[in-house]
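The values are calculated or read from the model by the stated rules, or taken from the named source; none is laboratory data. Please read all numbers here as calculations on a predicted model, not as lab measurements. Using ideal geometry, Cβ is built from the backbone for each residue, glycine included, and neighbour counts are taken over all protein chains shown.
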Amino acid sequence: MVVAVAGHTSTLRAGADPLSEPAHRNPGDGTVHPSSVGHMSEIACPRCGEQESLLGRTEGPPGEETITVTCGSCDLEWERDLTHRCPTCGSDAVRPALQSIVEKSRGTQLSIQSLRVVHLCPDCDTEQLAIWNRSNTPLRPAELPHDVD
């Protein structure tokens with residue numbers, strides 16, 4: 001997918017959400033490095049289903065941005081819905097929380113390398129949301145790094 005960010009055009013993997021974490025932008029040209037893009041929702045043209053040939057324009061002041069997407073296959077334009085939703089039930093009543101991203105630093109020692117924002121559904125992520133509300137510390141990662149044999 002191709003996305004225009006602050007007047008610059010960036011290429012992202014299909015399904016990448018330019019406003020989701022962790023996305024590492026090159027401050028010089030606004031490009032997003034594909035290897036740094038985490039799990040995001042799929043984006044496809046509602047008319048033809050195209051996922052690769054999409055162009056997006058970000059407009060508006062910070063906090064009120066809108067993304068207008070144009071399909072390169074059928075030329076359909078639509079405004080992308082930036083509402084966070086639960087991937088399981090589709091509810092928009094999700095709550096933001098921080099989740100740690102860890103890597104092995106020495107031997108078996110794990111170190112937090114960064115944090116990412118996850119959106120937890122009160123119905124589907126009850127246990128994780130309770131942990132976040134109780135502790136207000138970053139959630140454990142969904143999976144831990146392992147050695148490649």
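For this structure, a couple of remarks:
- For the range 103-112, filtered to residues that are assigned to a strand (DSSP E or B) and either modelled with pLDDT of 90 or more or of a type in the set (Ser, Thr, Tyr) (or both), the residue that is nearest to Leu144 (Cα to Cα) is Ser111.
- Any chance Leu98 is farther than 30 Å from Arg47 by Cβ, of a type outside the set (S, T, N, Q), touching a helix residue (DSSP H, G or I) at 6+ places or on another chain (Cβ under 7 Å) and surrounded by 12 or more Cβ atoms within 10 Å (Cβ to Cβ): no
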